[in-house]
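The values are calculated or read from the model by the stated rules, or taken from the named source; none is laboratory data. As the structure is a prediction and not an experimental result, all values here were calculated from the model. Here the Cβ is made from the backbone with ideal geometry for all residues, glycine too, and neighbour counts use every protein chain on show. Only protein heavy atoms, including side chains, enter the accessible area calculation; ligands, DNA and RNA are left aside. Shrake-Rupley method; radii C 1.70, N 1.55, O 1.52, S 1.80 Å.
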Amino acid sequence: MKLRTVLVSLLVLLVGSFLFISPVAAKAKPSLDKWKPDFDPKGAKYRCIVSNVSTPGLVGTLAGFEIRDEVWKRTNGQVYVDFKPYSILGGEVEVLNMLQMGAVQGMGVSSVASTNLGPRFGIVNLPFLVNSFDKLEKFIGNKTIFNHFLMAMDHQGITGLDITGYGNYGWATTIPVRNIEDAKKVKFRIAEAAVNQLSYRNWGFNPVSMPWPDVPVALKQGVITGLDHTLTVCNVTKKFEVAKYFTQINYAQGLFIWIFNKAWLAKLPADIREAFISSVHDICAQSRIKSLTEENTNIEKAKAAGVEFFQLSDADMATLLEQSKGTYDRYAPEINQLYPGDTYKSDNFLKDVQDFLQ
């Protein structure tokens, strides 16, 4: 296993070296200069490479740099969290495999991609369940439920520690969407995630599964005419330059789950490990508070830029909720699946969460 890990690590380094000497890749490589640490990491005894797909322009992603600084402080410079946002290490599925093998040590994985190795994580993607800032904090505050949720990848050798967010999901569109009939005219880009795909089919809409980097061109060319995403992401990444309308259906929260290689964590001395974990918890809690402010700020910015906002009627929202039952039924067995490391032995975890959040 150690030899395999070494080989994977070498492969990651070789691929990274090739990408960074390629003229095209070099031109596209985003700069991290703005977020350089104010300390010299060379003296660190332990290095933790952590990946994220998004931009530190989102506070939920910026938390990676904040974790870096807090861990450095609390461990007296013994642990350096080498945070790499912007998909620098590759797509989320690729990095999940690297994390499992130990080639990287951590990841702020999006909730939609997390189900590839931890189906239980999909509970937060179900429509209209954990779909507000208040419900998210209530969910996290129940340690029995939340700790069981974080064990979703335990059987894969990966530990979940906490969550940051990037706002409420809705629809950014190039035509006004005031009701369900309007929505049926839109070609919605959705994430490459099975839960999302099934939800959109159950709603009777026209989903187009597409990698996020392909979205700007597809939106400008009319290949898609709408985005299933949060308002904050749409505004920060300038999607409202093309899509001038936003329908606030708030069916889910955009989340990053901060996950780490179990074996790497276990090798840390107990006091260092405790400082590392507490740093992640505290930074994530602070970040989620900032995410609420971030969304409200971006709503005002979008309105000032001329984006028009809509909300569906109560009747239309009730229809979407009713049509979502098929998604719940399909994924309940995967969400409720128990694994050897689980200590919470509920027969129906999904129902426990539904009952608790009502």
Legend entry - All positions within the stretch 66-77 that are of a type outside the set (Asp, Glu) and either open to solvent by less than 20 Å² (accessible area, probe 1.4 Å) or at negative phi (or both): Ile67, Arg68, Val71, Trp72, Lys73, Arg74, Thr75, Gly77
Legend entry - Unmet requirement for Asn116, which otherwise passes all of (1) more than 26 Å from His155 (Cβ to Cβ); (2) in a loop (DSSP other than H, G, I, E, B): (1)
Inset, instruction - Could you grab the pairs with beta carbons closer than 8 Å, sequence gap of 6+ or different chains, first residue in the stretch 204-222 and over 19 Å from Asn235 (Cβ atoms) and aromatic (Phe, Trp, Tyr), second one open to solvent by 40 Å² or more (accessible area, probe 1.4 Å) and modelled with pLDDT of 95 or more? - result: Phe205/Lys184
Legend entry - Of all residues in the stretch 148-180 being within 19 Å of the chain's Cα centre (by Cα) and in a helix (DSSP H, G or I), the one that is farthest from Ile283 (Cα to Cα): Gln156
Inset, instruction - Please enumerate the residues belonging to the stretch 325-356 that are within 23 Å of the chain's Cα centre (by Cα) and either β-branched (Val, Ile, Thr) or closer than 11 Å to Leu126 by Cβ (or both). - result: Thr327, Tyr328, Arg330, Tyr331, Ala332, Ile335, Leu350, Val353, Gln354
Inset, instruction - Considering only the stretch 38-60, state which residues are in a loop (DSSP other than H, G, I, E, B), closer than 13 Å to Phe83 by Cα and either touching a Gly at 6+ places or on another chain (Cβ under 6 Å) or not β-branched (Val, Ile, Thr) (or both). - result: Ser54, Pro56
Legend entry - Of residues in the stretch 116-136 being of a type in the set (D, E, K, R) and over 16 Å from the mean Cα position of the chain (by Cα), the one least open to solvent (accessible area, probe 1.4 Å): Lys135
Legend entry - Positions within the stretch 181-225 being open to solvent by less than 40 Å² (accessible area, probe 1.4 Å), closer than 21 Å to Val307 by Cβ and assigned to a helix (DSSP H, G or I), in sequence order: Asp182, Ala183, Val215, Ala218, Leu219
Inset, instruction - Output the residues belonging to the stretch 33-65 that are under 19 Å from Val233 (Cβ atoms), crowded, with 20+ Cβ neighbours inside 10 Å and in contact (Cβ under 8 Å) with a residue 40 or more places away in the chain. - result: Ser51, Asn52, Val53, Ser54, Leu58, Val59, Gly60, Thr61, Leu62, Ala63, Gly64
Legend entry - Residue under evaluation Tyr80, criteria (1) of a type in the set (Ser, Thr, Tyr); (2) in contact with a Cys (Cβ under 9 Å, 6 or more places away or on another chain); (3) open to solvent by 40 Å² or more (accessible area, probe 1.4 Å), criterion not met: (3)
Legend entry - Hey, Ser87 without any contact (Cβ under 8 Å) to a residue 60 or more places away in the chain, outside any helix (DSSP H, G or I) and within 18 Å of Thr164 (Cβ to Cβ) or not: no
